[in-house]
Structure formats: C-alpha cells, structure tokens
Amino acid sequence: MNRLFIFFACALSSAPLWANDFNVQVLNKSGQPQQDIVVFITPTNGIEGLAANTEQLIVDQKGKKFAPYLSVMQKGQTIQFSNRDDITHHIYSVSGENRFEFKLKAGKSKNTEAMQATEEIAMGCNIHDWMSGYALVVDTPYFGKTNDQGIVSFVLANQGEYQVSVWHPQLDNDNHQQSSITVINESTLSNTYQVRLADKLLPIPLQENQEEFDFLEEY
C-alpha cells in the first residue's frame, strides 16, 4: 500500500505556558477540501509535560465494516472493538508490533492491549475477508482527522517548534514530502494553515461481500 507523510517544521517563540489555536486545512490535489485525513503535530523537543490523550478509541463493526475505516490514537492507548452486527467477527491486525487477534460475538466488545509502538495498524476480519480498516498510532497528544471542510484544529500548550504530519493509507505516493513554515507570532499561528496534497487519494477498497453468504460453521 502506498503511503504519504507531509512534514512541516513550525518555528514559534520559546515562552512556556502558552496556548493558542493552530488550524490545519488539507486540500486535495485539485485544491478542494479533503475530509478524513489524519493530521498530527509533534513538538520537536518531545511531549514530556503534556497531558496524554485519554479518550477511548472505539472501532465498531457495523454492516460488516469497520466504522470508522480510519482512526488515529496516541501510543499507550487501547482500541475498543464493539460488534454491532448480529454475526460473529474475527478481528486481527495484519502485521507490525501492535498485534492482536480475537473472535468477537454479536453485541460484544473487547479492548486490545495498550498500543506501544508508533505505526500504522492494518486490520481485517478472518470471517469477512472484504473488511479492512486502519489505525495510526502516534507519539503525541495532538492528533485528529479533517472535517468536511478539510480542517482539524489543535490547542497547543506551549510555544516552540512543531512537526506537522498529514497521512492517509490511500495516498498514492511512496515517499515523504517535506516543507517548512516559520510562524512569527500568535496572529500568524491563529490563521488556518493550508496543506495541499501532492498526490491523489486512491479509492477505499469496496467494503461489501461479493457473495450472499457467510461461512460460520467453525464459529
């Protein structure tokens, strides 16, 4: 699967105990707002002293699909899988260090172990092989997905240098694209910063069965 990360070094002043909005808008290659793109911001001097994200990440199985298809979380969090279908699922991670695999009966939920490696997690179901989804594990509490206007907003706790990264598993590029921006003052920082994707977004794989049956004899 092709990947694209976009990195921006944001140089701010060094005064601590400061908070201000930082808005990022992601545009597609044609210049239109792009929804559901992961954006995460990492202080270049580390995340020590920042409050960890404690919101539970929930990924439903609904309509024999992962909902949402794409999630993002901080290292150390768990994923709660919640089966809202009337059929058993067999959830698994495809590869990587954050491995999990378990059967999940209809109406049940299960939490994974805490994710301890920063990486992309590809997910599937051993029963419904068309099901696919992704969770990105990042080492920062500043993360989110763009809304229907292509925007995600952050409240940064401190001034300083930050790396801004933009990601989606369907971005059609094998390489990292790098750029830089110098933010001179709070007024500049408050303005929405636009990121235009250099490559197109490939279609998400069809999330439906090609045949009208489910083989559940072993489940």
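The values are calculated or read from the model by the stated rules, or taken from the named source; none is laboratory data. Quick caveat: nothing in here was measured; it's all calculated off a predicted structure. With ideal geometry, Cβ positions are generated from the backbone for all residues, glycine too; neighbour counts draw on all protein chains shown. To get the accessible areas, we keep the full protein, side chains included, count just its heavy atoms, and leave off ligands, DNA and RNA. Shrake-Rupley method; radii C 1.70, N 1.55, O 1.52, S 1.80 Å.
Tabulated results
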quantity: Failed item, numbered, when Ile181 is tested on (1) at pLDDT below 80; (2) assigned to a loop (DSSP other than H, G, I, E, B); (3) open to solvent by less than 50 Å² (accessible area, probe 1.4 Å); calculated: (2)
quantity: The range 83-97, residues that are among the aliphatic types (A, V, I, L, M) and touching a residue at least 60 places away in the same chain (Cβ under 8 Å); calculated: Ile87
quantity: Strands (runs of 3 or more DSSP E) within the range 73-173 that include 3 or more residues touching a His at 6+ places or on another chain (Cβ under 9 Å), open to solvent by 10 Å² or more (accessible area, probe 1.4 Å) and of a type outside the set (A, V, I, L, M); calculated: 101-104
quantity: Members of the range 58-72 found to be touching a Lys or Arg at 6+ places or on another chain (Cβ under 6 Å) and either under 18 Å from His168 (Cα atoms) or open to solvent by 40 Å² or more (accessible area, probe 1.4 Å) (or both), listed by number; calculated: Lys62
quantity: Scan of the range 2-57 for residues that are more than 12 Å from Gly160 (Cβ to Cβ), loosely packed, with under 13 Cβ neighbours inside 10 Å and modelled with pLDDT under 85, ordered by number; calculated: Asn2, Ala19
